[in-house]
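As structure tokens, the structure follows; a few thoughts come after it.
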Amino acid sequence: MSHISQLKESGYTVVENVIPDSELDAISASIQASTDEHGGEDPRSRGIGHVGGFMRYNQALAPYLSDRRVLDPVEGILGPVVKISFTTATINLAGNPRGTWHADWPFNQNNAGHVEAPYPDLPMHITTLWMISEFSAENGGTLIVPSSHREPNNPTGDIGVDQHAEHPDEINATGPAGSVLILDSRIWHSTAPNMTDQPRVSVVVRYAPWWLNTRMLMPDSNEREVMMERTGLNENSQPSLPRDVYEGLPETVQPLFGHWLSDLDG
């Protein structure tokens, strides 16, 4: 089955060998150092190292983000013109707790800028997890419920599903280091506990079609302010990308980030 077919049918697929083995140790060390520096609150208090807008601080993955092995299935679902909406370092530290079931923005009903449920059977966003470490059941490979992307809501809505409980159909998404887990952002997923003594290192990169309004994620945008005030809900935030960082990106990657430039008129 092709990656596009598996995404359509099951809501996820794994593309292996995107990042060369020879680069993984250096990339992992770089991501962990940047997460320690920019992660704010001590991640050990929550069990997760997390940095939003990660591309602003670290460009170690930049050479791979336009790899056709990833973009082909992404564009096969979203269409031929896509942009990157989020970059987030996510490190499951040893002993981190299990998370709660949810779907990603814009399907998370707890966000100010969410699609109202029941939402249409239309893919609007793709979440990719770049496996800098191997993903396994033991070290916290992301928990997913296959084919749940076809449901018209998710456990962040009022559908009678315990967000904290195990799901009878849940599986760990697994793959060797250097792979990319691609998810339809509607799929139900959760942070899995890391039962090893080593961190599980990843970077989350989300892709959106050209027409999806990502200004909701910009800290000072009018859309964000209006929706947060109107709904009383919070919203994700992705800081803008400095021009010097943008100009240092590979030419094939720059078009994916043009809308995040902090000085569009500069």
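No lab work stands behind these numbers, since they all come straight from the coordinates. Just so it is clear, the model here is predicted, and its values are computed rather than measured. Don't worry about glycine lacking a Cβ; one is built from the backbone with ideal geometry, like all the others, and counts go over all protein chains shown.
Based on DSSP H segments of at least four residues, each scored -39500 (n - 2.57), the chain has a per-residue ellipticity at 222 nm of -6000 deg cm²/dmol. For the chain, the spread of Cα coordinates along the three principal axes comes to 52, 46, 41 Å, biggest extent given first.
Under 5 Å between amide hydrogens, built in the peptide plane, is the criterion, and for Thr156 it picks out Ala103, Gln109 among residues at least 5 positions away or on other chains. Residue by residue, segment 129-141 carries 3J(HN,Hα) couplings of 10, 8, 7, 6, 9, 4, 9, 9, 5, 7, 9, x, x Hz when phi is fed to the Karplus relation 6.51 cos²θ - 1.76 cosθ + 1.60 (θ = phi - 60°); x denotes Gly or Pro. FRET efficiency for the Ile159 to Arg69 pair, using the beta carbon distance and R₀ = 41 Å, is estimated at 0.70.
On the basis of the beta-carbon distance and an R0 of 22 Å, Asn110 and Arg215 show a calculated FRET efficiency of 0.70. Backbone phi angles across segment 188-194, fed through the Karplus curve with coefficients 6.51, -1.76 and 1.60 (θ = phi - 60°), yield HN-Hα couplings of 6, 8, 7, 5, 9, x, 9 Hz in residue order; Gly and Pro are listed as x. Any idea which of Leu24, Pro152, Gly258 is furthest toward the positive side of the dipole for the chain, if Lys and Arg beta-carbons carry +1 and Asp and Glu beta-carbons -1? Among Leu24, Pro152, Gly258, the one farthest towards the positive end of the dipole of the chain is Pro152. In this calculation the C-beta distance from Arg150 to Asn234 is compared with R0 = 45 Å, giving a FRET efficiency of 0.95. The gain in end-to-end length when the Arg46 to Ala33 segment is fully stretched comes to 2.9 nm, 0.36 nm per residue minus the alpha carbon separation.
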